[in-house]
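Below you'll find the structure, written out as structure tokens, and then a few comments.
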Amino acid sequence: MLSFDVVQNPSPSELIHNNRILVVEDEDLIRDMIAIALKEEGYEVICASNGQEALNLLQTQESDRVNSLVSLIVLDLMLPQVNGLDICRLLRYRGNIVPILILSAKASETDRVLGLEVGADDYLTKPFSMRELVARCRALIRRQNYTTNNSNATVQQFGDIALFTEECRVIVRGQEVSLSPKEFRLLDLFMSYPRRVWSREQLIEQVWGPDFLGDSKTVDVHIRWLREKLEEDPSHPEYLITIRGFGYRFG
Ligand code: CA
């Protein structure tokens, strides 16, 4: 059974406006409880009770990028029609980077890893407390807002790597390294979304553009060059991590 903690009312300064969350869950009771808990935190909530309904709602979002429909998706894995993993895969394949919190009924590690590998940002295993769910949602939205607000920041820092966006310079362990324009754009993208898994197709779309005619091996070659410039030991990378069967992750 789920345990439902009492959610504390936020102070006015914590109230979040224009932050809409899509809750995709086929069990009415759980969906209603999640919606109530998130609304009490000041979020606007829209619900879908199956996978197809969720995809239809999200299609509207993708065709209306200026006025984004949702800033977070709470996504159950076991859903009628289209399951949660397929929704996640499909959105990431399309280049939709809305944060996704997976709800899983199974506690097995495989499901957890799989959830992250298909591009989810976090997961919770049922049963979970509403307090925990709300805290995870708040953290994901904050992180997303931070990334969005800082996308034009002059400097991005991660570990020993500093990237100066406007100057197109990269400093690694105190030394300036010289990157080609494509390497720079790849690294800039990776550093803007630490730990997000990208498929080769998504990287091509973002860095080379939709008209690129080469194949996805191009990505592997650029990753290898980047590793040689960034990693202390390129054969055991710490920054540019290969996710087998999916693509790459930074950090
Ligand atoms: Ca379910």
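The values are calculated or read from the model by the stated rules, or taken from the named source; none is laboratory data. If you're wondering where the values come from, they're calculated on a predicted model, not measured in any experiment. Ideal geometry is used to build each Cβ from the backbone, glycine not excepted, and the neighbour counts take in all protein chains shown. Protein only, heavy atoms only, side chains kept; ligands, DNA and RNA dropped before computing areas. Shrake-Rupley method; radii C 1.70, N 1.55, O 1.52, S 1.80 Å.
Please find, within the stretch 177-192, the residue that is modelled with the lowest pLDDT out of those that are surrounded by fewer than 18 Cβ atoms within 10 Å (Cβ to Cβ) and in a helix (DSSP H, G or I). Explain how you work it out, then say what you get.
Initial filter on the stretch 177-192 (surrounded by fewer than 18 Cβ atoms within 10 Å (Cβ to Cβ)): 177-178, 180-182, 185, 189.
From what's left, in a helix (DSSP H, G or I): 181-182, 185, 189.
On the way: Pro181: 87, Lys182: 90, Arg185: 91, Leu189: 92.
Going through the qualifying residues, I end up with Pro181.
Evaluated against (1) within 19 Å of the chain's Cα centre (by Cα); (2) within 27 Å of Val70 (Cα to Cα), Arg244 falls short on exactly one condition, (2).
A quick yes/no check of all residues on (1) modelled with pLDDT of 90 or more; (2) more than 18 Å from Lys39 (Cβ to Cβ); (3) part of a loop (DSSP other than H, G, I, E, B); (4) open to solvent by 60 Å² or more (accessible area, probe 1.4 Å):
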| residue | (1), (2), (3), (4) |
| --- | --- |
| Gly115 | no, yes, no, no |
| Ala120 | no, yes, yes, no |
| Arg136 | yes, no, no, yes |
| Ile141 | no, no, no, no |
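Entry remark, the stretch 218-251: residues being assigned to a helix (DSSP H, G or I) and touching a residue at least 60 places away in the same chain (Cβ under 8 Å) number 1 in total.
Can you give me the number of residues within the stretch 193-217 that are open to solvent by 40 Å² or more (accessible area, probe 1.4 Å) and either more than 19 Å from Leu90 (Cα to Cα) or touching a residue at least 40 places away in the same chain (Cβ under 8 Å) (or both)?
The number of residues fulfilling the criteria is 14.
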